[in-house]
1. Among all residue pairs at least 6 apart or on different chains, which show Cβ distances below 6 Å where the first residue, located in segment 245-268, is surrounded by fewer than 10 Cβ atoms within 10 Å (Cβ to Cβ) and the second is in a loop (DSSP other than H, G, I, E, B) and of a type outside the set (D, E, K, R)?
2. From G76, G58, G14, G9, which residue is touching a Pro at 6+ places or on another chain (Cβ under 7 Å) and closer than 21 Å to G105 by Cβ?
3. Please state which one of I223, I268 is outside any loop (DSSP other than H, G, I, E, B) and out of contact with any Cys (no Cβ under 6 Å at 6 or more places or on another chain).
4. When the residues of segment 178-224 are narrowed to those that are within 30 Å of N142 (Cβ to Cβ) and of a type in the set (G, A, S), which ends up surrounded by the most Cβ atoms within 10 Å (Cβ to Cβ)?
5. Filter segment 1-15 down to the residues that are crowded, with 18+ Cβ neighbours inside 10 Å, in a strand (DSSP E or B) and either out of contact with any Lys or Arg (no Cβ under 9 Å at 6 or more places or on another chain) or not hydrophobic (A, V, I, L, M, F, W, C) (or both) and list them by number.
6. Being out of contact with any helix residue (DSSP H, G or I) (no Cβ under 8 Å at 6 or more places or on another chain) and in a helix (DSSP H, G or I) is the filter; apply it to segment 287-316 and report the residue that is surrounded by the most Cβ atoms within 10 Å (Cβ to Cβ).
7. Regarding A18, is this residue modelled with pLDDT of 95 or more and exposed (fewer than 14 other Cβ atoms within 10 Å of the Cβ)?
8. So which strands (runs of 3 or more DSSP E) are wholly in segment 67-169 and hold at least 1 residues that are assigned by TED's automatic domain parsing to the domain that holds L184 and among the hydrophobic types (A, V, I, L, M, F, W, C)?
Amino acid sequence: MTLRVGVIGTGAIGKDHARRITKTLAGAKVVAVTDVNADNANDCVKDLNLDAKICANGHDVINSAEVDAVIVTSWGPSHEEFVLAAIAAGKPVFCEKPLATTADGCNRIVQAEVAYGKKLVQVGFMRRYDTGYRALKAVVDNNKIGEPLMIHCAHRNPCVGENYKTEMAITDTAIHELDVLRWLTNDDYISAQVLMPKKSKHALSHLSDPQIVLLETSTGIRIDVEVFVNAKYGYDIQCEIVGETGIAKLPDPSSIIMRSEEKLSTEILNDWKDRFIDSYDIELQEWINSTLKGEVNGPTAWDGYAASVAADACVKAQKGGIVPITMGACPALYN
């Protein structure tokens, strides 16, 4: 069986997902696309040589009898609308983050899915599919270093654009840590604090950079996440878990060790797409495989909600103080 996929939003990430489904992955084909910019949709079909119809809007994609499942990669504020429509149509939907732009929006999606009675939604938190993070989780799950006590993380970008704002250090950048650390520890957050160190001279006038996010989990694990989006030297993701009997650290991406010009050196990546390109392939292939079985085995709508609640608390904490994080009981559908 081939999964017939409709793509809503054919900008950079949407077009790239259509490309990997068409040229790299197995078990699916793109049969419908749409974008608010008609040229994007036309270019996607033409450039990838797709046998796909171009729909007027996302609802036409969702309601098409030719579409079995939907990928939502449109503008973030439109995600909630299209995911809710997919649930109402009973169609599996893969939604890139954010699931919705507010925790209330994510909760509406959770409640709609619970009312439907079956998991249909997967959220695009691709770090869970990274080889290094999966190895790190195996260490934790198999108790190789005892109970985790502390986690030290860094999320560094070489630079960001002028439209990048202080709160985006949480909602666009640290959001990945907020999801993957909860997954690594099998634990929920109970509080957040954000510290503002000395500002980098490379940060724009309206941006506080770097920032340090401090989190506490329900079992008492303490987490610090350095977010530094003008680090200049490259794109660098670090994660070290300190356990009762040992330490486990996320491996660096493989690179050649060079002896040249009187130096011993390794190359540092400069683009997040290069760092996680394999993760996207694994993520989409596993989504295709699970969807064909009628299952959701990746990050759920509840995971999207949990990340959004934590992000809201962190944004509030940017103004000072320790902010509590509360989500309520997890619905049985997601246990």
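1. T245/I145; T245/G146
2. G76
3. None of the other options fit; the residue is I223.
4. The selected residue is A192.
5. Listed by number, the residues that qualify are G6, I8.
6. Top of the filtered list is W287.
7. No; evaluated as a whole, the condition is false for this residue.
8. Answer list for segment 67-169: 148-156.
The values are calculated or read from the model by the stated rules, or taken from the named source; none is laboratory data. Since the structure is predicted, the reported quantities are computational estimates derived from the model, not experimental observations. Positions of Cβ are generated from backbone atoms using ideal geometry, with glycine treated the same way; all protein chains shown enter the neighbour counts.
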